[in-house]
1. Hey, if we sort A:Lys391, A:Lys266 by accessible area with the 1.4 Å probe, largest down, what's the order?
2. Which value, in Å² rounded to 10, gives the accessible area of B:Phe88 with a 1.4 Å probe and all protein chains present?
3. If you find the alpha carbon centre of the range A:303-362 and of the range B:107-129, how far apart are they in angstrom?
4. Over the range B:187-275, what portion of Cα pair distances is larger than 19 Å, expressed as a whole percent?
5. At 1.4 Å probe size, with no ligands or nucleic acids counted, give the accessible surface of B:Glu192 in Å², nearest ten.
6. Using a 1.4 angstrom probe on protein heavy atoms only, which residues from the range A:12-49 are buried by at least 40 Å² of accessible area when all chains are present rather than their own chain alone?
7. I'm checking a number: the convex hull volume of the Cα atoms of the range B:18-182, normalised per residue, in Å³. What is it?
8. Note down the net charge around B:Ala153, summing +1 for each Lys or Arg and -1 for each Asp or Glu among other residues with Cβ under 15 Å from its Cβ.
Amino acid sequence: MFTEFFYELRSQGVPVSVNEWYTLLEALERGLAGSSLTGFYYLCRSVLVKSEVYYDKFDLAFARFFEGVETPEDLPEKIWEWLARELPDDHTIRMMGELKQYELDMLKKMLAERLARQNEEHHGGNYWVGTGGTSPFGHSGYHPGGIRLGGESRNHSAVKVAAQRRFAAFRDDATLDTRQFQMALRKLRQFTTRLEGPRTELDVEATIEATGNNAGRLKLIWNRPRQNAIKVLLLMDSGGSMLAYTRLCNQLFTAVNRSSHFKDLKIYYFHNCIYDWLYPDPACRQSESLKTLHVLNNLDSDYRVILVGDASMAPSELLRPGGIIDWGLNNEEPGLAWLQRIKQHFEHCVWLNPIPANYWQWMEGAYTIKLIGEVFPMYELTLNGLEKAVKKLKGRNS
Amino acid sequence: MKTTFNQFYGSATYIASQELQNSVNVAIALGKPLLIKGEPGTGKTMLAQSIADALGKRLIVWNIKSTTKAQEGLYVYDTVQRLYDSQFGDNDVSDISRYIKLGKLGEAFVSEDQVVLLIDEIDKADLEFPNDLLWELDQMSFYIPETKQTIQAKHRPIVVITSNAEKELPDAFLRRCIFHYIEFPDAERMKEIIRVHFPSLERKLLEQCLETFYWIRSLDNLQKKPSTSELLDWLQALVLGGIHPQRIGEEIPFLGVLLKKNQDVDALFWNLKNSRSGRKPSFYSR
């Protein structure tokens, strides 16, 4: 009966599956929605929607589908006038008791009937159409599951809740799939040999053998567990041109940060290109800067380096001494020299670029993209690109 | 199967919104796990306790850590103890079931009465963790190969799962849950919540605190917004400190209770200077 609602939801982009739909039908059969539209709304939402990101889309679909309830078309002009009047004291609202719940169709029919019979304004009270009061018709009154005609909702009781779209802020059109990034990063692992670390794992095979050799007296053999030996250095561009890609970069950052399987993870920031300094946070404050050389000297060459940046800058920033974009700073060596130094220090480096690869040829920064691409293998910052980059990082000789 | 709906209405120490009550009751009636998400400090974990209290059932808490494996929730076979006993102990090692220790989920299954099972912060665990529990939560049973025994739930436990959205949960898992997102309470509901915790709080103090609190929350350059639990701590501090309501808006005493990060404190004062010129904090100078 509501099947169209299912398709309405899907067309709004709420990922509803048939399973969940069956669950909803089962719930309706058991009468879990009560007989009010409000109850139905909350039931639908809790069964069908699985992330607050989709609450807004759900609200939209719901409001659209049940819109007939919201604004009856043929409402006489006069009714609107009555409803636009001042509200009476809302003491009636506090006196609300057990109110009858009506089915939607019933409500509509009753509304038509009552409008036909009503011939004066009515505010307060529990029967006629008007403001305040507990009649199922009108606004600012209290009647769970009643029809609200314009005006403000005071008690949040009618379908209006959906139309308020309180969850608009959570909306995020391209799905926040950090999970996929995480799954990709997960492949970045290389197990330790069993030569280092404490022996904490029971080796069952060896224990049986040793116990056997020991004439049946138990002898426990412990082993070193194999752990991921991969250490990661993440260098992120936080310059102005990167603003457009903040969300994408945040996703990557979150994914890397949550990947608990790395042996070590270091994150530094730079502004457009790397020169003498690196920064521990995206604000790139000079007062907190670290010498790039210091960082390089302190990190072994087996760190896997992931550079993230759009690689688009003025050629002078990359090629000329003193080309640094920040005021008051000077670089004696061009940015490219620094990049090459990083490449020499670390065995495995990749550059992830949030700009889609098919734009690299003719973007404004095409020239520097090409130059940097010659130093580091460059991949676009997509799931696919990340997977390729991870493969590259694992490779023996990159 | 006869189901009684509308079992849960919140409890004496926990104010649940109408929507939340609805979700809880739907989850109970359908026998599906209830997945709760929401900002930290909106009382996700408290909810399970409250359901247990309201329905008079025992609460079993399974705290998830980053190292927790799904298997641990079902049972653990203590092989080392058995090996050890076979050598030195006088226990009967032929009885394997002595060495099978049920986990929290197993405990909930074998309980004589229906229990409330809280799986707290499921997103802390490994990415695959929720998938490993799909069958057990669906069928409410699991098989122990060592003893050739099937543990079947006597009464379907009421399962409440909380998540801080640190990791995305797999779709297959989500499909089987009833989902509810706890919104941050608005000022009216917040008053109710505070009244539950501080029944005799002075009205003026409360108003002033809430005004300041929601003002701080409305600042958009904060990294971590203060939450309900921080507000309650703050009120506690203010009451104990005997602070006059007048002073709260002006100097925000015990600010450290509300804001935990240095940058946030800086951001707050930056806002104070800019938006409330003339009402500069008296104790802050640098």
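The values are calculated or read from the model by the stated rules, or taken from the named source; none is laboratory data. Owing to the predicted nature of the structure, the values given are computational and were not obtained by experimental measurement. No Cβ is skipped: glycine too gets one built from the backbone with ideal geometry, and neighbour counts run over all protein chains shown. In case anyone asks, the SASA skips ligands and DNA or RNA and just uses the protein heavy atoms, side chains included. Shrake-Rupley method; radii C 1.70, N 1.55, O 1.52, S 1.80 Å.
1. Largest accessible area first, the residues go A:Lys391, A:Lys266.
2. 110 Å²
3. 49 Å
4. Tail of the P(r) past 19 Å holds 34 percent of the pairs.
5. 80 Å²
6. In the range A:12-49, residues shielded by partner chains: A:Thr23, A:Arg30, A:Leu32, A:Tyr42, A:Ser46.
7. Convex hull volume per residue, Cα atoms: 125 Å³.
8. Every neighbour counted, the sum reads +1.
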